[in-house]
Amino acid sequence: MELAPSATIEVDAANLSPYLAYSPDGKLLAVALKTSVTLLDAVSGAHIAALTAKDLMMTQDLTFAGGLLALGYVKPPTWENHVAGDVGGIMVWDVATQQEVAAITSPSEGLALEGMSAVALSPDGRLVAGARNASDGIGKVPVWDVRSGAHVKDVLVGAGEGTQTSSVRSVAFSPDGKILAAGHGTALKGGVTLFDTSSWSQIAALPVEAATAFGVIDLAFTPDGKSLIGASRTISVWDVASHKLTATIGTEADDYESLAMSPDGSFVAAPSGSSENGGITLWALPSGKEIISVPTGRRHAADIALHPDGRTLATSTSDGKTYSTVQLWKIKQRTA
């Protein structure tokens, strides 16, 4: 397999690296900038539209599903006893019309800089879940009905674990929508908890070999739903049916923060390298064997996304001073 840069798109004069997501039909690349979302033509990179939300202070995550685009973000405090950066919001747009479908606010928990650190749409677009943390130190995943905006459930993560605290950093629905996975940090460790979406009861707690205090900060199911992949300091691979950790990729020094799953589930990609000398590494699944690792010639990428055709990869980075960029890469199979 070969990986080569194909295009560079300057997207914003800011010092934050954008979040990325491809639409399921492969036509759009969504780029979450600091206070808006830019929709680009996935092939040409041409600007199509800009989406924004009322009182949007800082974007945190975005995802496509069911013909919708959801954005998790931080809202500014709305009254005196709110802590700055603690009010979380979710905006949902219809992709075809670019019209707002839902505007959801998650109230203050009295914790600074929490917001809505992750967001996930159910495959049918009926439900949206976010990552929040309660003032009592228990992480939670609030779930809403997208069309009505009604609050469905607060799924607690870490409840009943004695004096341990938890911090939810990532959420993902399984491809059939029957499982909700929440990645978290607990007592300076990390793990993933699986929940049954029909009852919201806990199915299992999945272990990791290494994690930062932030825990597991990115999650993705394989398209067949049989494996779950998580990014913390390492890349972890779990078997969903047995709840076992089947592979650990990399070392604690790698400190992986984001990942992207290939559309056929055959490999996973993640930004690698140091903060000043970034790279991209691809590993085969489920073995975890490295396929290829290439330097980007830029700083460590903050986010990564794979096109649904499996032939294009996008990474985002910032120079930390004046501008942010999206780098497109072509993935090619080597010929004999």
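The values are calculated or read from the model by the stated rules, or taken from the named source; none is laboratory data. None of these values were measured; they are calculated from a predicted model. Cβ coordinates were reconstructed from backbone atoms using ideal geometry, including for glycine residues, and neighbour counts include every protein chain displayed.
General observations
- Segment 6-62, residues that are of a type in the set (Gly, Ala, Ser) and assigned to a strand (DSSP E or B): Ser6, Ala7, Ala21, Ala30, Ala32, Ala49, Ala50
- Some residue of segment 61-68 being of a type in the set (A, V, I, L, M) and within 15 Å of the chain's Cα centre (by Cα): yes
- The requirement of being part of a loop (DSSP other than H, G, I, E, B) and modelled with pLDDT of 80 or more is fulfilled somewhere in segment 152-174, by at least one residue.
- Verdict on Ser108 being modelled with pLDDT of 80 or more, part of a loop (DSSP other than H, G, I, E, B), touching a strand residue (DSSP E or B) at 6+ places or on another chain (Cβ under 7 Å) and of a type in the set (Ser, Thr, Tyr): no
- Scanning segment 35-62 for residues that are touching a residue at least 24 places away in the same chain (Cβ under 8 Å) and farther than 24 Å from Leu313 by Cβ yields a total of 7.
- Where a residue in segment 215-234 is at positive phi and its partner, wherever it lies, is among the basic types (Lys, Arg), with Cβ under 6 Å and at least six apart: Gly215/Arg169
- Single residue of segment 1-60 satisfying the filter (within 20 Å of Pro271 (Cβ to Cβ) and among the acidic types (Asp, Glu)) that is surrounded by the most Cβ atoms within 10 Å (Cβ to Cβ): Asp12
- In segment 175-200, residue nearest to Ser258 (Cα to Cα) [restricted to those that are part of a loop (DSSP other than H, G, I, E, B) and modelled with pLDDT of 95 or more]: Pro175
- Set Leu33, Leu51, Leu40: member being out of contact with any Gly (no Cβ under 7 Å at 6 or more places or on another chain), more than 16 Å from Ile90 (Cα to Cα) and not small (Gly, Ala, Ser): Leu40
- Selection count where residues are assigned to a loop (DSSP other than H, G, I, E, B), more than 18 Å from Gly158 (Cα to Cα) and within 15 Å of the chain's Cα centre (by Cα), scope segment 201-231: 1
- Lone unmet requirement of (1) closer than 26 Å to Tyr73 by Cα; (2) modelled with pLDDT of 95 or more for Val240: (1)
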